[in-house]
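We did not get these values from a lab; they are worked out from the coordinates using the rules stated. Note that the structure is predicted; figures quoted are calculated from it, not measured. Reconstructed Cβ throughout: ideal geometry from the backbone, glycine too, with neighbour counts over all protein chains shown.
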Amino acid sequence: MLIQPETRIQHAVNDAFQPLALDIFGSLVVGFNDADPQSAELHTADFGACRLSHITASAHSVDGARAVRRSFDPDAIKLILQNEGHSRLKQANVELELVPGSWLAYDPTKSYSLDNLSPVKQLILQLPRHNIPAAALQQLMRPNKLDIAERSLHKILYTMMSSALDQVDGLDAEGQSGVGDALLHLAKTLVLRIDPEDLERSAVLLKTLRMRVKAYIETNLSRSDLDIAELAQKMGCSRRYLFRAFEQDETTPSEFLWGLRLDKSLERLSSPKFAGASISEIAFSCGFSSSSHFSRAFRKRFDISPSEARHAKTLN
């Protein structure tokens with residue numbers, strides 16, 4: 001029996017929503033419309049120095065009157081992606097409307113109010129102040145709706161934010177930190193409006209993409225239909241960019257996928273946990289759809305047959 005990893009996501013529903021919100025967002029006052037039944041759900045997880053949260057909630061207000069001035073406060077800078085619903089943020093004599101697709105960056109160390117005028121779905125990325133350049137902080141003296149004219153940049157950030165919480169349990173500590181570094185890099189790119197070509201050349205993003213792809217492959221290894229097209233779609237990038245991410249390892253996504261399938265099959269052939277499984281069952285559990293294809297590929301990689309590998313382990 002495989003041991004499931006401990007989840008790294010905090011989750012709160014309805015009555016537990018506000019205590020968790022206060023814990024991760026600071027001393028806020030959250031109010032729901034008494035005339036409507038409260039429905040609220042919050043998922044949140046740390047990614048290195050960043051924190052990513054997903055909120056699904058009925059109409060409610062958030063009063064952020066408390067001024068937090070600690071440079072190390074995790075709630076120092078917020079980037080909100082409005083997925084669904086209509087909201088209105090007021091801060092520093094500025095009033096901004098949020099509709100689906102809106103991106104907003106603001107500094108919650110300055111008093112603000114956020115009225116969610118309808119049921120909403122929001123992704124909220126919290127960025128530590130000490131990692132934000134002075135030029136960006138100066139721009140955030142007032143809240144900013146970000147211009148996401150560069151569609152490829154929008155897609156990279158949206159896909160990473162929307163998938164990160166689903167993938168967090170498949171990442172090790174280095175992977176989580178890497179995703180956080182990439183999210184921070186992307187957020188700074190948006191606020192400072194750095195040339196997207198510089199972003200695409202970033203070694204940080206390529207390394208993080210590579211880790212995300214590897215984690216996704218490991219989670220879905222048993223699926224024989226897993227292919228490069230799906231990986232590119234799930235990661236929100238082109239096939240070309242996906243292959244670029246693996247250049248540092250001097251391999252390709254396809255070679256990594258099939259190599260991992262063979263390595264896992266060898267591991268399982270040698271494991272007492274799979275002693276009762278047939279060779280075909282092990283092959284299928286590693287994503288092979290044909291026993292003959294598995295045997296040929298196995299012999300080509302390890303220079304022995306699957307049955308010889310199992311027998312050799314038994315003798316040892």
ask   = Using a basic spin-label model with each label point 7 Å from the Cα along Cα→Cβ, how many nm lie between Ala277 and Glu247?
value = 3.7 nm
10 Å-binned pair-distance histogram of region 255-315 (Cα, whole percent) = 25, 62, 13, 0
query = lysines within cross-link reach of Lys90: Cα-Cα under 27 Å, excluding same-chain residues under 8 positions apart?
reply = Lys78, Lys110, Lys121, Lys145, Lys188
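To the nearest 0.05, what FRET efficiency results for Val94 and Ala312 with a Förster distance of 41 Å applied to their C-beta separation?
Details: r = 71 Å, r/R0 = 1.72.
Here the calculated transfer efficiency is 0.05.
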key: Computed E for Gln138/Glu84 - FRET, C-beta separation, R0 41 angstrom, nearest 0.05   = 0.80
